[in-house]
Amino acid sequence: MTPNKTKQPSTPKMNPFMGFFWGILIVLLLNGLIFPNIAQRQIKDTDYGTFIEKVDSGVVKEVAIKSGQILFTAEENNKTQAYRTGATNDPQLVDRLLNAESPNENHKIAFNQIVPQENSPLLNFILWWVLPGLLFYLLWRQAGKSLGRLGAGGNFMSFGNSGAKIYAESDIKTTFADVAGQDEAKETLKEIVDFLHNPAKYTEIGASLPKGALLVGPPGTGKTLIARAVAGEAKVPFFAISGSEFVQMFVGMGAAKVRDLFKQANEKAPCIIFIDEIDAIGKRRDAAMGNDEREQTLNQLLTEMDGFDGRKGVVILASTNRPESLDKALLRPGRFDRRVQMELPDLEGRKAILAVHLKKVKHENIDMDIVARATAGSSGAELANIVNEAALRAVRLGRKTVTTADLEESVETVLAGAQKKNAVLSAAEKKLVAYHEIGHALVAALQTHSAPVHKITIIPRTSGALGYTMQVDSGEHFLLSKEELFNRIVTLTGGRSAEEVVCDTVTTGASNDIEQATKLARAMVTRYGMNEKYDMMGLETVNNAYLGGDSSLTCSSETASDIDKEVLKVIKTAHEKAKRIIADHMDIVHQAATFLIEKETITGNEFMDIVRHYETCPPAGSADRRRGTS
Ligand code: ADP
Ligand code: MG
Ligand code: ZN
């Protein structure tokens, strides 16, 4: 897309810093070019005796007596040099000069002329008075101008313009077709598009459309994309600015930018203003001394949003992944009164997003279903990245089209890092890793409510994983039962359990499993009410639902330490269960591990063949999403 940029209509202003820069440059040039010349024509100071000596020896050509000074030139070694000496009250001087020999043609000293080749007084005058004067005048005028703006614009310490390089993009090619899934969001935004197309329909009845809509969701779900799509569909100018751009070094600049933005938008209406990552300025104001600049900017934004006429057709979109941190004033009706939720895509959504991005690359016979299932929990941005990685892989392997295998491999690259082909593991380590992974896989396979094993590999990855077991669900799940969660913890402890049972050792390889298992067990106790002792008591709140979801306890410190005990209980029970499963199926473990060491990567089916050989295993149940257990 080639954004047809229309520049903001602002008066041409020369930045005074540039003026200063030129001033310095001119002075440097003067120094470099003119001063050396002056140096060459330097007049040497000398004493009166030397002067008389030179007169007597007949080398003096010209002499001038001037306000207490004698200036003279002498020709020595075929070079003419100018001298200066003090004039003494010497009554014989004139006689001496008249009688002296000279290298001049008439052998007479030229007398009473302005002799030395000094710079012309005019040049001197220009150099020392006119030019600096001009320079200072220019500087002063520039400073005056920006000071003038200070008064008018209220920007304290503003140099030049407000720095607002806000371009309205017209002719945006992005449309709703580029945004896959997100149907509810599109539905809401379509109304805004319709309003921008024919506002009369709405104003006739007296309705004014929401001034603003806030796009909320985790990173990479297409918030920025859909905002552009709204502009593309409505075919109106699109002012896009990111929240952080408002926060500037100088106090007041942010507010000035907001003002600029709304002024321009009003001139260009109907149009769309899009403030990306609005949380940078829209954070809740609190009693504690906050960031003054941010607060001023926010206040200005609130004022502008109140001030403009909603019927004119200026629609404000904003996006954030931290809605809970936004100031309440922003969310009240009349400002961002619509909230558009952008969620991580479900199975169908992922298929649709993959399809959108696969349109851009050459591909054949892609099994969209398997890729979509393997990417549960991935955002649109990650899916776009996966398709691109797959295309890069195809090129690397010298192929002309992308295949399902490329996509599957790039899923792993994006989720677990690239393969580290030249990492050399010792045979003993390789064996440990193999048993660890088989431990996970076996525990997963022999439990109900556990996603089927899709792949096991012991090729190290750049993420640091030495191997991993990938489980892929057959469908989509929105609810998790207590049993499913617990079985998941059992699966996570399966790796360590295999190390213990088979190799009689423990390694650092389980650190990631431990982290995940603890997180799950903790959530069961504190958030999901899956603990007998605490029943349905909420003990924790999640702070940043869309950004990692860190949580904070809401209980007393005694309860906090008791929670730890309950969490430990859950993990211990799970660990025991995993050890039991492995100890009961040692023959499978050995055979599968040997196979894995030999092949390095085996599929879920190959693994299940071994398991079925010994066991009639339970029908594969399912948990919620794709999981990699390393
Ligand atoms: P956000 O602003 O929510 O963090 P973006 O809109 O910047 O995410 O999305 C980044 C990229 O991810 C987009 O440019 C697009 O390629 C891809 N993407 C995200 N969501 C979708 C979607 N629903 N459909 C198609 N592509 C998507
Ligand atoms: Mg964005
Ligand atoms: Zn593990």
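The values are calculated or read from the model by the stated rules, or taken from the named source; none is laboratory data. The shown structure was predicted, so the numbers you read here are calculated from the model rather than taken from an experiment. All Cβ positions, even for glycine, are placed from backbone atoms using ideal geometry, and neighbour counts span all protein chains on display. For the accessible areas, the whole protein counts, side chains as well, though only heavy atoms, and no ligand, DNA or RNA atoms are used. Shrake-Rupley method; radii C 1.70, N 1.55, O 1.52, S 1.80 Å.
Could you identify the single residue in Leu383, Leu407 that is touching a residue at least 40 places away in the same chain (Cβ under 8 Å), touching a helix residue (DSSP H, G or I) at 6+ places or on another chain (Cβ under 9 Å) and either open to solvent by 20 Å² or more (accessible area, probe 1.4 Å) or not in a loop (DSSP other than H, G, I, E, B) (or both)? If you could, list the steps in order and put the result at the bottom.
Numbers: Leu383 fails: touching a residue at least 40 places away in the same chain (Cβ under 8 Å).
That would be Leu407, the only listed residue that is touching a residue at least 40 places away in the same chain (Cβ under 8 Å), touching a helix residue (DSSP H, G or I) at 6+ places or on another chain (Cβ under 9 Å) and either open to solvent by 20 Å² or more (accessible area, probe 1.4 Å) or not in a loop (DSSP other than H, G, I, E, B) (or both).
May I ask you to verify whether Arg228 is in contact with an Asp or Glu (Cβ under 9 Å, 6 or more places away or on another chain), of a type in the set (Lys, Arg), modelled with pLDDT of 85 or more and away from ligand 2 (no atom under 16 Å from the Cβ)?
Answer is no for this residue.
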Please find, within the stretch 499-547, the residue that is nearest to ligand 2 (Cβ to nearest atom) out of those that are of a type in the set (Asp, Glu) and not in a helix (DSSP H, G or I).
Glu540
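Out of the residues in the stretch 344-360 meeting the condition of being part of a loop (DSSP other than H, G, I, E, B) and charged (D, E, K, R), tell me which one is surrounded by the most Cβ atoms within 10 Å (Cβ to Cβ). It would help to see each step written out before you state the result.
Of the residues in the stretch 344-360, the ones part of a loop (DSSP other than H, G, I, E, B) are 344-346, 359-360.
Cutting the leftovers down to charged (D, E, K, R) gives us 346, 359-360.
Details: Asp346: 14, Lys359: 11, Lys360: 11.
Per the stated criteria, the residue is Asp346.
Given the criteria away from ligand 2 (no atom under 16 Å from the Cβ), surrounded by fewer than 24 Cβ atoms within 10 Å (Cβ to Cβ), over 16 Å from Val611 (Cβ atoms) and modelled with pLDDT of 90 or more, does Ser481 qualify? Please lay out each step first, then the result.
Working: away from ligand 2 (no atom under 16 Å from the Cβ): yes; surrounded by fewer than 24 Cβ atoms within 10 Å (Cβ to Cβ): yes; over 16 Å from Val611 (Cβ atoms): yes; modelled with pLDDT of 90 or more: yes.
Against the criterion (away from ligand 2 (no atom under 16 Å from the Cβ), surrounded by fewer than 24 Cβ atoms within 10 Å (Cβ to Cβ), over 16 Å from Val611 (Cβ atoms) and modelled with pLDDT of 90 or more), Ser481 qualifies.
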For the stretch 203-219 the number of residues that are open to solvent by 30 Å² or more (accessible area, probe 1.4 Å) and either within 16 Å of ligand 3 (Cβ to nearest atom) or touching a residue at least 60 places away in the same chain (Cβ under 8 Å) (or both) is 4
Any residue that is more than 16 Å from ligand 2 (Cβ to nearest atom), among the small types (Gly, Ala, Ser), modelled with pLDDT of 85 or more and farther than 19 Å from Phe336 by Cβ - is there at least one of those in the stretch 188-201?
no
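What's the total number of residues in the stretch 596-612 that are farther than 13 Å from Val433 by Cα, assigned to a helix (DSSP H, G or I) and either over 43 Å from the mean Cα position of the chain (by Cα) or not polar (S, T, N, Q) (or both)? Outline the logic, then answer.
Start the filter on the stretch 596-612 by keeping residues that are farther than 13 Å from Val433 by Cα, which leaves 599, 602-612.
Okay, now just the ones that are also assigned to a helix (DSSP H, G or I), so 599, 604-612.
Pick out the ones that are also either over 43 Å from the mean Cα position of the chain (by Cα) or not polar (S, T, N, Q) (or both) and you get 599, 604, 606-612.
Count: 9.
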Every listed condition ((1) crowded, with 21+ Cβ neighbours inside 10 Å; (2) closer than 24 Å to Leu354 by Cα; (3) at pLDDT 90 or above; (4) out of contact with any helix residue (DSSP H, G or I) (no Cβ under 6 Å at 6 or more places or on another chain)) holds for Asn487 save (2)
If we keep just the residues of the stretch 220-236 that are of a type outside the set (Asp, Glu) and open to solvent by 40 Å² or more (accessible area, probe 1.4 Å), which is farthest from Ala381 (Cα to Cα)?
Lys235
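State all residues of the stretch 574-589 that are in contact (Cβ under 8 Å) with a residue 12 or more places away in the chain and open to solvent by 60 Å² or more (accessible area, probe 1.4 Å); if no residue qualifies, say none. First the steps, then the outcome.
Within the stretch 574-589, the first condition is being in contact (Cβ under 8 Å) with a residue 12 or more places away in the chain, and the residues that meet it are 574-575, 577-579, 581-583, 585-589.
The answer is Asp587, and nothing else.
Would you list the helices (runs of 4 or more DSSP H) that sit entirely within the stretch 27-115 and hold 2 or more residues that are modelled with pLDDT of 75 or more and over 30 Å from Gly133 (Cα atoms)?
Values: elements: 35-40, 48-56, 93-99.
Correct list: 48-56, 93-99.
Which of the residues spanning the stretch 554-567 are assigned to a helix (DSSP H, G or I) and without any contact (Cβ under 8 Å) to a residue 40 or more places away in the chain? Talk me through it step by step, then tell me what you get.
Applying the first criterion (assigned to a helix (DSSP H, G or I)) to the stretch 554-567 yields 557-567.
Once the filter is applied, which keeps residues that are assigned to a helix (DSSP H, G or I) and without any contact (Cβ under 8 Å) to a residue 40 or more places away in the chain, the stretch 554-567 yields Ser557, Glu558, Thr559, Ala560, Ser561, Asp562, Asp564, Lys565.
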Across the stretch 457-488, the tally of residues that are within 13 Å of ligand 3 (Cβ to nearest atom), assigned to a loop (DSSP other than H, G, I, E, B) and over 31 Å from the mean Cα position of the chain (by Cα) stands at 2
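Does Gln341 meet the test of being modelled with pLDDT of 85 or more, within 30 Å of Lys263 (Cβ to Cβ) and under 28 Å from the mean Cα position of the chain (by Cα)? Reasoning before the result, please.
Working: modelled with pLDDT of 85 or more: yes; within 30 Å of Lys263 (Cβ to Cβ): no; under 28 Å from the mean Cα position of the chain (by Cα): yes.
In short, no.
Here's the yes/no breakdown for (1) of a type in the set (D, E, K, R); (2) over 12 Å from Val315 (Cα atoms); (3) within 14 Å of ligand 1 (Cβ to nearest atom):
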site: Lys190; (1), (2), (3): yes, yes, no
site: Tyr202; (1), (2), (3): no, yes, no
site: Pro210; (1), (2), (3): no, no, no
site: Gly217; (1), (2), (3): no, yes, yes
site: Thr224; (1), (2), (3): no, yes, yes
site: Gly232; (1), (2), (3): no, yes, yes
Could you give every pair whose Cβ atoms fall below 8 Å, whose first residue belongs to the stretch 499-510 and is more than 16 Å from Ala593 (Cα to Cα), and whose second residue is of a type in the set (Gly, Ala, Ser) and part of a helix (DSSP H, G or I), counting only separations of at least 6 or pairs across chains?
Gly509/Gly495; Ala510/Gly495
Considering only the stretch 320-335, state which residues are surrounded by 15 or more Cβ atoms within 10 Å (Cβ to Cβ) and farther than 14 Å from Lys283 by Cα.
Arg335
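Of the residues in the stretch 361-380, how many are in contact (Cβ under 8 Å) with a residue 60 or more places away in the chain and either within 9 Å of ligand 1 (Cβ to nearest atom) or open to solvent by 50 Å² or more (accessible area, probe 1.4 Å) (or both)? Break it down into steps so the answer makes sense when it comes.
Here is the first cut: in the stretch 361-380, the residues in contact (Cβ under 8 Å) with a residue 60 or more places away in the chain are 370, 373-377, 379-380.
Those still in the list that are either within 9 Å of ligand 1 (Cβ to nearest atom) or open to solvent by 50 Å² or more (accessible area, probe 1.4 Å) (or both) too: 373, 379-380.
The total comes to 3.
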For the stretch 247-266, does any single residue satisfy the condition of being at positive phi, open to solvent by less than 20 Å² (accessible area, probe 1.4 Å) and either within 16 Å of ligand 2 (Cβ to nearest atom) or modelled with pLDDT under 85 (or both)?
yes
